[in-house]
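Here is the structure we will look at.
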């Protein structure tokens, strides 16, 4: 199972189209969470999808997946890392009207190369990368999971702040 | 027991906020998000740490392109802060956190803005605006640290 998630705000047609083209020629099941779709948004023809899923359904689909495909948002990155699933991400481009600014390019660049995190520079790169990552991904990945909590340094700084006298 | 409000928008901001959970063990903690969706899960995660959720409030979702919703969100967040009267407010953004910090300051709360880790090249727009009003202003990227405003004390990863 591939779980495609593009966040909860704008649609991300460029990525959805690329995954749909891949799904057209493969037997692997795909499910898409496609965000707030517009009247002219691209609707996939080769896999089921919803605009939104509940937090519980998100977690279930994540855990059942072999590969997470998403936009380059921190939600996707943290979800993938904490579940120990590989993530293929593509940045939303403000220049293409996909986001309000170009911060996903920066996010993708900063996290590319961390174990389990992979970046597609553009939609053309998506199908080959999906093939490559599915070939690598073991169905029951062991390890690679991160702690559910922030770095002790940050947790301590916040705790000190909470209990600080004014 | 310190009364703390932790608030953020849904999605990545919320995921980041919850990763700070051990910091507020032992406090009376009120949770707020722009989605009602997370209540059950957060209650379970908090219970697993032997802690309690004092309240969970869903406020209107908005961003800076949806002005009417933004006004509604501001009013809902202000009402929440008036009701809870937190001593400390913690947020990872975005606009809901900004409103909480502004309302909290008026009511004498101490406030903390942790800028999203998604903003690695420059501070978030809401962070630039909220930071000057926060008592503790943190970035998660050492490159963006400017003394202690924002300061850097590690990240949520």
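What follows is calculated from the coordinates using simple rules that are stated; it is not laboratory data. Here the structure is a predicted model, which is why all the values come from computation and not from measurement. Quick reminder, even Gly has a Cβ in these numbers, built from the backbone with ideal geometry, and neighbours come from all protein chains shown.
Assorted remarks:
- The equivalent ellipsoid that matches the C-alpha gyration tensor of chain B spans semi-axes of 21, 19, 15 angstrom, in descending order.
- Taking other Cβ atoms within 10 Å as a rough exposure proxy, A:3, A:161 sort from fewest to most as A:161, A:3.
- Overall form of the stretch B:20-113 per C-alpha gyration tensor (a/c, 1.5; a/b vs b/c): oblate
- For the segment A:101-108, counting C-beta atoms of other chains within 10 Å of every residue's C-beta and taking the mean gives 4.
- Between 0 and 90 degrees, the angle of helix A:74-83 with respect to the longest Cα principal axis of chain A falls at about 90 degrees.
- The mean sequence separation of alpha-carbon pairs under 8 Å and at least six residues apart, normalised by the residue count of chain A, gives a relative contact order of 21 percent.
- Relative to one another, the C-alpha centroids of the stretch B:29-98 and the stretch A:50-117 are positioned 23 Å apart.
- Each of B:88, B:71, B:6, A:119 was scored by other Cβ atoms within 10 Å of its Cβ. Arranged with the fewest first, they read B:71, A:119, B:88, B:6.
- Nitroxide proxy distance, nm - points 7 Å out along Cα→Cβ at residue A:165 and residue B:58: 4.3 nm
- Packing-based exposure ordering (other Cβ within 10 Å, fewest first) of B:34, B:66: B:66, B:34
- The stretch A:58-156 shape via C-alpha gyration tensor axes, a/c threshold 1.5: oblate
- Gyration tensor (Cα) of the protein assembly as shown, equivalent ellipsoid semi-axes in angstrom: 34, 20, 19
- Dividing the summed -39500 (n - 2.57) terms of all DSSP H runs of n ≥ 4 by the residue count of chain B sets its mean residue ellipticity at 222 nm at -10000 deg cm²/dmol.
- Using alpha-carbon coordinates, inclination of helix A:55-64 to the longest axis of chain A, degrees: 70 degrees
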